[in-house]
Each structure stands twice: as C-alpha cells, then as structure tokens.
2 protein chains.
Amino acid sequence: MPLPLHQAKAEFFRMLGHPVRIRVLELLQDGPRPVRELLADIGIEASSLSAQLAVLRRSGIVTATRDGTTVVYALTSDDVAELLSVTRKVLTGLLAGQNELLAMLRDEERA
Amino acid sequence: MPLPLHQAKAEFFRMLGHPVRIRVLELLQDGPRPVRELLADIGIEASSLSAQLAVLRRSGIVTATRDGTTVVYALTSDDVAELLSVTRKVLTGLLAGQNELLAMLRDEERA
DNA sequence: TGAAGAGTTGAAAACTTCTTCAACTGTACA
DNA sequence: TGTACAGTTGAAGAAGTTTTCAACTCTTCA
C-alpha cells in the first residue's frame, strides 16, 4: 500500500510510454547496438533519438558505453524481453475486445 | 517493424503511467470493487478518481457496471496480474542497480 | 594543431496530461 | 414529485513531455 512504490511503478511505465523508446528496447533485445544502427532502423532526427535514449538511460533500463566515436547501447536486464512479451499478450486481449465492439456496431448497422 | 504497433504499445504503457491507475489495477486483482471502496482505499477527490477510472475504461483494461447507485469496476483480463508481477521483477532490478551506484558514491566519499 | 564526424545537450514552442471546481446524470426513497 | 446520494463530466489553469534547431563535446585522423 505504500504510495511511493506506486509512484515508482507509474514512472517506470511512463518511461516506456513512447513509440521510439519501445522500438529501441525491442531492437536491443537482439543484443547491444550502436546509435548509428538504431538511427538507421528508426529513421528520425538524431537529436530526437538522443533525447529518447537519455530517458532510457536515466531510468537505468539501458546502458551506454563509448567505443571510439561510436556509442553502444545495451539492455541492463534480460527481464525486459519477458515484460514486452506479457505486454503483447495483454494488448492482444484488449485489441480483440475492441474489435468485438466494432463487430457489434457493424451488426447493429445491418439490423 | 510496423510503426502503428509501437504506437499502440506506447499508448498502453502511458495508460498505465499514473500512481492512482496502478493502485486501482492492483486493488482489482482481488476481484471487482465498487467505486466507493476504491475511493476509501485510495483517498483522493472523487472527481480525480473518476477521471483516472475513465482513462482505464477507455483503454478497455477494466469494465464498469452499474448496480443501483453504485458502479462496480472489474479487470477484463487475468493477464494484468502477470504484467504487474513481471514489472515488479524488472523494477527490482533497476532499483537494485541504482542502489549499487549509491553505494559506490558512498565508497568514493570515504576514500 | 585543426578539421570532420558521432552523438549529446539546452532552449523555445507545440502538445498532452493532471487537478480542481462546478455543474450534471441517474437511482433510490420519502 | 422532490430530495439526497453516488458517480461522472467539462472547463480552466498548472505542470510535464516532445520536437526542432543551434551549439557543444569528444574522438579520430590528416
């Protein structure tokens, strides 16, 4: 029941709440990657990606290490894969539920 | 690699990104609850709770059913418990990592 | 040393989210 | 019918987030 713990959980989810950050975490599941590659895969402004990477770094979910002029990012925990997998499962259920509603609306229309 | 899917995942996490909403989901894990009880447990303004419940409803992760003058909320999916459980695991790792840094700072101080 | 490339950061503007307060809807019960 | 209670909603202001652009740091290599 401690409020600060709910606060921490909420911050964690907010940290995940951006399409580019999700994309980065998914790419890092296959192993560490230099910024250059993330940039090529995602295709947004470098400074915008940098800002999102900074959010991930601050949370501790990824680490950045410099190797010459390139910076390599990596996940700090293997559990991230599991988190994304469970998320897919829950999301599948939610979207299925929404499509059911859509189908019901369609049926009303036909009546 | 579809962008709209990352968008959907990000929206899902943003939906979870509020302490009151996390609290509500945790309370609903033990079964459906009337607003009155949620209100008593959480202890915020009724209108503020209502706004957060509306966010959860809109996402489809909970349902609201009216029974007389009371409205009862329930989870739509059992998988939410698993999601929260994996989150606890990842968060445990992150916070442990931060405490390690804290410990290192303390050690530097002593040197 | 200095020029070039990789990545990061700061500031301003656009956008989103949260809280509060007042007004509203729906149900029960006298 | 009308009063009271439970819960929701809308609007306005405050606070936080994201994007863009320019400027900056760090490393390499001539």
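Note on A:18-31: average number of Cβ atoms from other chains within 10 Å of each residue's Cβ is 3.
Show that you can apply the helix-only estimate: for the protein assembly as shown, add -39,500 (n - 2.57) for every DSSP H stretch of four or more residues, divide by all residues, and state [θ] at 222 nm to the nearest 500. Spell out each step's value before the answer.
Details: 10 runs with 156 residues, N = 222.
Result for the protein assembly as shown: -23000 deg cm²/dmol, rounded to the nearest 500.
Each of A:D41, B:D30 has its accessible area taken with a 1.4 Å probe; listed largest first, they run B:D30, A:D41.
For segment B:64-104, a drop of 50 Å² or more in accessible area on going from the chain alone to the assembled protein chains (1.4 Å probe) is found at B:D79, B:L83, B:V86, B:T87, B:K89, B:V90, B:L91, B:L94. Solvent-accessible area of chain A (1.4 angstrom probe, protein heavy atoms only): carbon and sulfur portion equals 54 percent.
Compute the semi-axes of the equivalent ellipsoid of the protein assembly as shown, taking the square root of 5 times each eigenvalue of the Cα gyration tensor, and list them largest first in whole Å. Display every interim value, and only then the final one.
On the way: eigenvalues 253, 118, 34 Å².
Largest first, the protein assembly as shown gives 36, 24, 13 Å.
With just the Cα atoms defining each centre, how far is segment B:45-72 from segment A:14-49? Give it in Å. Between the Cα centre of segment B:45-72 and that of segment A:14-49, the gap is 35 Å.
Entry comment: accessible area of the protein assembly as shown is 57 Å² per residue, from protein heavy atoms only and a probe of 1.4 Å.
For B:V71, the residues whose modelled amide H falls within less than 5 Å of its own, excluding neighbours fewer than 5 places apart on the same chain, are B:V35, B:R36.
Legend: calculated FRET efficiency, B:R58 to B:Q7, from the Cβ-Cβ distance at R0 = 22 Å, rounded to 0.05, equals 0.90. With contacts taken as Cα pairs under 8 Å at a separation of at least 6 residues, chain B carries a relative contact order of 24 percent.
Rounded to the nearest 100 Å², what's the accessible area chains A and B bury against each other, both chains counted, probe 1.4 Å?
Values: alone 8010 and 8000 Å², together 12760 Å².
The A and B chains share an interface burying roughly 3200 Å².
The values are calculated or read from the model by the stated rules, or taken from the named source; none is laboratory data. Keep in mind that what you see is a predicted model, and the values were worked out from it rather than measured. Methodologically, a virtual Cβ is constructed for each residue, glycine included, from the backbone with ideal geometry; neighbour enumeration extends over all protein chains shown. Just so you know, the surface numbers come from the protein's heavy atoms only, side chains and all, with ligands and any DNA or RNA stripped out. Shrake-Rupley method; radii C 1.70, N 1.55, O 1.52, S 1.80 Å.
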